[in-house]
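No value in this document is a laboratory result; all are computed from the given coordinates. No experiment lies behind these values; they were computed from the predicted model shown. Backbone-built Cβ (ideal geometry, glycine too); neighbour counts: all protein chains shown.
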Amino acid sequence: YKAYIVDENEISELISVYPEEAQYPPIVDIEQLKINIRKILFHAQSTDAALKASALWDSFFPCIDIPVFLSHSSHDKTIVRKLANYLYREFGIISFIDSDLWGCIQELQVEIDKQFCLQPGKQHTYDYDERNYSTAHTHMILSYALTRMINQSECFIFLKSDNSIAINDSIVGTFSPWIFHELITVDTIEITRPDRIDDELTKSIESSVKHFSEQRLKVHYPIPCSRLLHLLPRMLIALKALNIPDGDWESYLNSL
């Protein structure tokens, strides 16, 4: 819904007092993630079945809504964790940091290669073509998972630093394919207003309409009564007692 860029030099003083270790609740349970990966790989190996891409990306990046996606260079893990701790401690905002999972992703690549890419009869030598094939699959799964997580996040924050931004031939860019992927995703996907905002807007409109309907139009007019006579109940009773014939009531009232 919103995307921002934060300069490391501008924010470093603000977040300097926050710890380097994660204080925010994890989006993904790392230990459970490792267990899930082993189960998925073991099932594929023992049953000679295909690896299920959906099972892998759901394990790494669950299909849940997240408040903030923090995009950064892997070399800035310390400062991005401080930023995440700041957001959590000060505002209660939970951030998703993909580098928290990179170790597991690398383990996944190693395990896939061990099971599917070793040359026959060798323990440490990989088949070049098979290794390229497995890497392409792993990166495709990761690319889709990251795209989905960015799409599910309400806010995207890119941490600008000397590690994430590079100048080559006077052109500002990045040498990281993953940073490029994340930024181009934000630049491409449709911006989606969170349901929460629509709900709040609806309630606000309903409240305004109700308030308006309760305050009906009121215009104050003076009462021109200088020519009005005060007709008392006893006068009407006396008039009735006179037993005046029909048709003469107006004449009598005019004479009062």
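What percent does the relative contact order of the stretch 1-109 come to when contacts are Cα pairs within less than 8 Å and at least six residues apart?
Once normalised by length, the contact order is 38 percent.
Which ³J(HN,Hα) values, rounded to whole Hz and listed in residue order, are derived for the stretch 36-48 from phi using the Karplus coefficients 6.51, -1.76 and 1.60 in 6.51 cos²θ - 1.76 cosθ + 1.60 with θ = phi - 60°, glycine and proline given as x?
Here the 3J(HN,Hα) series is 4, 4, 4, 5, 5, 5, 5, 4, 5, 6, 6, 9, 6 Hz.
Residue by residue, what Karplus-based ³J(HN,Hα) values in Hz, rounded to whole numbers, does the stretch 157-164 have, using 6.51, -1.76 and 1.60 with θ = phi - 60° and x for Gly and Pro?
So the Karplus estimates, Gly and Pro as x, are 10, 9, 8, 7, 8, 5, 7, 8 Hz.
Apply the Karplus parameterisation 6.51 cos²θ - 1.76 cosθ + 1.60, with θ equal to phi minus 60°, to every residue of the stretch 123-133 and state each ³J(HN,Hα) to the nearest whole Hz, in sequence, with x for glycine and proline.
9, 10, 10, 9, 6, 4, 5, 5, 5, 4, 5
With +1 on the Cβ of every Lys and Arg and -1 on the Cβ of every Asp and Glu, and nothing else charged, how large is the dipole of the stretch 48-107 about its Cα centre, in debye rounded to the nearest 20?
Charge dipole of the stretch 48-107: 260 debye, to the nearest 20.
Based on the Cβ-Cβ distance of E13 and R38, what FRET efficiency does E = 1/(1 + (r/R0)^6) give at R0 = 30 Å, to the nearest 0.05?
For E13 and R38, the calculated efficiency is 0.10.
What translational D, rounded to a whole number of µm²/s, comes out for the stretch 113-203 from Stokes-Einstein when the hydrodynamic radius is the Kirkwood one over Cα pairs, at 4 °C and 1.567 mPa s?
Answer from the Stokes-Einstein relation: 77 µm²/s.
Which FRET efficiency value, to the nearest 0.05, is calculated for E130 and D29 with the Förster distance at 35 angstrom and r the Cβ-Cβ distance?
So, using R0 = 35 Å, E works out to roughly 0.65.
List every residue whose amide H lies under 5 Å from the amide H of I93, counting only residues 5 or more places away in sequence or on a different chain, with H placed 1.01 Å from N in the peptide plane.
It is Y88, by chain and number.
At q = 0.14 Å⁻¹, what is the base-10 log of I(q)/I(0) for the stretch 26-120 according to the Debye formula with one equal point scatterer per Cα and no solvent? Please give it to two decimals.
-0.61
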